[in-house]
Amino acid sequence: MIKLPMAILVAALGLAACQPGEKSAGGAQGGDPYAGLDGAIKTWHAQIKATDAQCKDRSEGQQCQGFAVACKGERPITSDEAAQGMTAKVAVAMGWEGWDPKRAEYRSASSTSEFQKVGGAWKRLATGPVNLSTCVAS
């Protein structure tokens with residue numbers, strides 16, 4: 001019969017669900033200060049595509065492409081910020097290629113933001129440039 005291979009498949013799927021780095025519902029409830037950050041970054045990505053001059057209203061073959069998070073770096077939280085309910089603060093740099101109609105080619109573009117988690121919700125603030133190897137303000 002095929003019972004042994006099915007048992008191996010079920011065991012492998014069970015182990016795959018427990019791989020390190022994956023966020024489980026229990027991990028998020030356990031106080032992970034960065035829970036939800038990836039979703040906030042995806043929202044920022046969508047905002048760039050919708051509002052950046054090189055990205056919005058482009059025809060097929062001229063949309064922005066190659067979006068990638070270049071770095072994420074934890075920033076210290078001051079005692080005043082902690083008193084206001086801030087539990088995490090992270091600098092994030094993202095790069096992409098935007099279409100340049102004058103040159104008829106893609107050009108590199110980037111942006112940096114600071115994400116702050118207050119009251120369990122992430123908010124994004126524009127921030128100055130960061131060193132991409134450390135994600136610390138340059």
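Given (1) open to solvent by 40 Å² or more (accessible area, probe 1.4 Å); (2) among the acidic types (Asp, Glu); (3) over 30 Å from Ala104 (Cα atoms), where does Asp32 come up short, assuming only one miss?
It fails just one condition, (1).
Yes/no matrix, rows are residues, columns are (1) open to solvent by 80 Å² or more (accessible area, probe 1.4 Å); (2) at pLDDT 95 or above; (3) not acidic (Asp, Glu); (4) not in a strand (DSSP E or B):
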site	(1), (2), (3), (4)
Val69	no, yes, yes, no
Asp80	yes, yes, no, yes
Val92	no, yes, yes, no
Trp99	no, no, yes, no
Tyr106	no, no, yes, no
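Within region 56-66, how many residues are in contact with a helix residue (DSSP H, G or I) (Cβ under 7 Å, 6 or more places away or on another chain) and surrounded by 14 or more Cβ atoms within 10 Å (Cβ to Cβ)?
1
Within region 15-24, can one find any residue that is open to solvent by 50 Å² or more (accessible area, probe 1.4 Å), modelled with pLDDT under 80, more than 30 Å from Ala104 (Cβ to Cβ) and not in a loop (DSSP other than H, G, I, E, B)? Show your work before the answer.
So the first thing to find is which residues in region 15-24 are open to solvent by 50 Å² or more (accessible area, probe 1.4 Å), and the list is 15-24.
Those left that are additionally modelled with pLDDT under 80: 15-24.
Next, from what is left, pick out any that are more than 30 Å from Ala104 (Cβ to Cβ): 15-24.
From the residues that got through so far, the ones that are not in a loop (DSSP other than H, G, I, E, B) too are 15-16.
Looking through region 15-24, at least one residue is open to solvent by 50 Å² or more (accessible area, probe 1.4 Å), modelled with pLDDT under 80, more than 30 Å from Ala104 (Cβ to Cβ) and not in a loop (DSSP other than H, G, I, E, B).
Looking at Ser110, Ser138, which one is of a type outside the set (A, V, I, L, M), open to solvent by 70 Å² or more (accessible area, probe 1.4 Å), more than 23 Å from Pro33 (Cβ to Cβ) and touching a residue at least 40 places away in the same chain (Cβ under 8 Å)? Break it down into steps so the answer makes sense when it comes.
On the way: Ser138 fails: touching a residue at least 40 places away in the same chain (Cβ under 8 Å).
Going through Ser110, Ser138 in turn, just one is of a type outside the set (A, V, I, L, M), open to solvent by 70 Å² or more (accessible area, probe 1.4 Å), more than 23 Å from Pro33 (Cβ to Cβ) and touching a residue at least 40 places away in the same chain (Cβ under 8 Å): Ser110.
The values are calculated or read from the model by the stated rules, or taken from the named source; none is laboratory data. Bear in mind that the values here come from a model prediction, so they are computed numbers and not experimental data. Cβ: placed from backbone, ideal geometry, glycine included. Neighbour counts: every protein chain shown. In case anyone asks, the SASA skips ligands and DNA or RNA and just uses the protein heavy atoms, side chains included. Shrake-Rupley method; radii C 1.70, N 1.55, O 1.52, S 1.80 Å.
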